[in-house]
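Below is one structure, written out as structure tokens; the observations come after it.
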Amino acid sequence: MKEHTIIEIQNLQKAYMMTEETVNALRGIDLTINAGEFVAIMGASGSGKSTLLNILGCLDKPTSGDYWLDGKNVKSLKKNQLADIRNTKIGFVFQSYNLLPRTSALENVELPLLYNGSISSKERRQKAEHALEAVGLGDRMRHLSNQMSGGQQQRVAIARSLVNDPVIILADEATGNLDTRTSYEIMALFQKLNEKGITIGFVTHEPDIAAFTRRNVVFRDGRLIKDVQVENRTNASEALAQLIDENNIFEN
């Protein structure tokens with residue numbers, strides 16, 4: 001049985017004009033991501049990984065090359081079609097959470113569904129509740145986002161990314177603002193979601209975070225220089241338990 005391909009890009013190039021100079025952010029990238037994969041997209045600042053993420057998320061268009069998302073060639077789509085794809089096919093998780101302050105977790109998670117006219121308000125509420133339960137926040141639904149810890153806010157953001165049943169979650173440095181313990185908690189959640197079959201593309205520059213994923217693709221100067229399966233993947237729940245034990249020993 002052929003694997004279901006979620007993302008396929010061929011000879012993808014992106015160039016920006018900076019004053020009188022052309023900057024080649026992506027130089028002929030070929031990449032395939034299949035359903036159920038958990039891929040870390042890595043590289044130093046300026047390597048091209050953020051440019052790639054913007055294109056994968058239909059926030060930007062390549063200069064040339066092709067990008068298929070769930071079997072559809074994105075290059076030919078108009079602005080309103082791209083907006084529809086962003087809202088139905090892709091779940092976004094950002095470093096800075098991007099939640100509405102003084103708004104409940106439930107209302108934040110409902111937001112993407114407000115643009116879907118086929119879903120009733122009752123169904124919207126049910127789907128948002130289910131997504132919050134999936135990230136372990138069933139008892140915090142009515143809490144305001146600005147009354148939550150960073151880790152809880154990121155869980156709300158992950159629930160929001162799940163609520164539309166996307167074909168892929170794209171996470172941009174999703175642990176970048178979190179301490180080690182909270183980062184491990186979030187990665188344990190991503191591993192749990194991936195084990196349920198959810199496809200994840202995770203941008204990070206931290207090798208210890210990439211060790212929690214199943215595959216690492218590494219960029220340098222706009223080129224994909226490495227694409228490897230992760231051998232002996234780190235179990236985030238076990239790493240978290242070990243960290244807590246070490247902290248307890250240190251405190252005692």
Would it be correct to say that Gln126 is modelled with pLDDT of 95 or more, part of a helix (DSSP H, G or I) and surrounded by 15 or more Cβ atoms within 10 Å (Cβ to Cβ)? no
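Of all the residues that make up segment 181-229, how many are closer than 16 Å to Met42 by Cβ and charged (D, E, K, R)? Can you show your working first?
So the first thing to find is which residues in segment 181-229 are closer than 16 Å to Met42 by Cβ, and the list is 183, 187, 190, 200-229.
Still in the list and also charged (D, E, K, R): 206, 208, 214-215, 220-221, 223, 226-227.
Residues meeting the conditions: 9.
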Take the residues in segment 171-201 that are within 26 Å of Thr5 (Cβ to Cβ), out of contact with any helix residue (DSSP H, G or I) (no Cβ under 7 Å at 6 or more places or on another chain) and in contact (Cβ under 8 Å) with a residue 24 or more places away in the chain; name whichever of them is surrounded by the most Cβ atoms within 10 Å (Cβ to Cβ). Ala171
If I filter segment 148-170 down to residues being outside any helix (DSSP H, G or I) and surrounded by 21 or more Cβ atoms within 10 Å (Cβ to Cβ), which single residue comes out as farthest from the chain's Cα centre (by Cα)? Val163
Just wondering, is there one or more residues in segment 176-199 that are under 14 Å from the mean Cα position of the chain (by Cα), within 22 Å of Leu69 (Cα to Cα) and not in a helix (DSSP H, G or I)? yes
Please tell me if Asn116 is out of contact with any strand residue (DSSP E or B) (no Cβ under 7 Å at 6 or more places or on another chain) and under 30 Å from Ser183 (Cβ atoms). no
Any residue in segment 223-232 that is closer than 18 Å to Gly36 by Cβ and in contact with a Phe, Trp or Tyr (Cβ under 7 Å, 6 or more places away or on another chain)? no
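Name the residue, out of Gly91, Gly48, Gly117, that is free of Cβ contacts under 8 Å to residues at least 12 places away in the same chain and either crowded, with 17+ Cβ neighbours inside 10 Å or among the small types (Gly, Ala, Ser) (or both). It would help to see each step written out before you state the result.
Details: Gly91 fails: free of Cβ contacts under 8 Å to residues at least 12 places away in the same chain; Gly48 fails: free of Cβ contacts under 8 Å to residues at least 12 places away in the same chain.
After ruling out the rest, the residue left standing is Gly117.
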Just to be sure I understand, how many residues within segment 15-40 are out of contact with any Gly (no Cβ under 8 Å at 6 or more places or on another chain) and on the phi < 0 side of the Ramachandran plot? 15
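When the residues of segment 131-147 are filtered to those that are touching a residue at least 12 places away in the same chain (Cβ under 8 Å) and within 21 Å of the chain's Cα centre (by Cα), which remaining residue is surrounded by the fewest Cβ atoms within 10 Å (Cβ to Cβ)?
First pass over segment 131-147, keeping only residues touching a residue at least 12 places away in the same chain (Cβ under 8 Å): 131-132, 134-137, 140-146.
In the following step, the residues that additionally are within 21 Å of the chain's Cα centre (by Cα) were identified as 131-132, 134-137, 145.
On the way: Ala131: 26, Leu132: 25, Ala134: 19, Val135: 24, Gly136: 16, Leu137: 21, Ser145: 19.
Only one residue fits best here, namely Gly136.
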Can you find a residue in segment 95-103 that is within 22 Å of Ala171 (Cβ to Cβ), touching an Asp or Glu at 6+ places or on another chain (Cβ under 9 Å), of a type in the set (Val, Ile, Thr) and surrounded by 13 or more Cβ atoms within 10 Å (Cβ to Cβ)? no
Just to be sure, is Ile209 surrounded by fewer than 20 Cβ atoms within 10 Å (Cβ to Cβ) and among the aliphatic types (A, V, I, L, M)? no
Quick one: which of Leu53, Leu77, Leu111 is under 21 Å from Ile225 (Cα atoms) and surrounded by 14 or more Cβ atoms within 10 Å (Cβ to Cβ)? Leu53
Restricting segment 208-252 to residues that are of a type in the set (A, V, I, L, M) and farther than 19 Å from Gly176 by Cα, the residue that is farthest from the chain's Cα centre (by Cα): Ile249
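Residues that are over 19 Å from Val203 (Cβ atoms) and more than 18 Å from the chain's Cα centre (by Cα): find the strands (runs of 3 or more DSSP E) completely inside segment 1-110 holding 3 or more of those.
Numbers: elements: 5-18, 21-34, 38-42, 64-69, 90-94.
Answer list for segment 1-110: 5-18, 21-34, 64-69.
The values are calculated or read from the model by the stated rules, or taken from the named source; none is laboratory data. Since the structure is predicted, the reported quantities are computational estimates derived from the model, not experimental observations. Note that each Cβ is placed from the backbone with ideal geometry, even for glycine, and that neighbours are counted across all protein chains shown.
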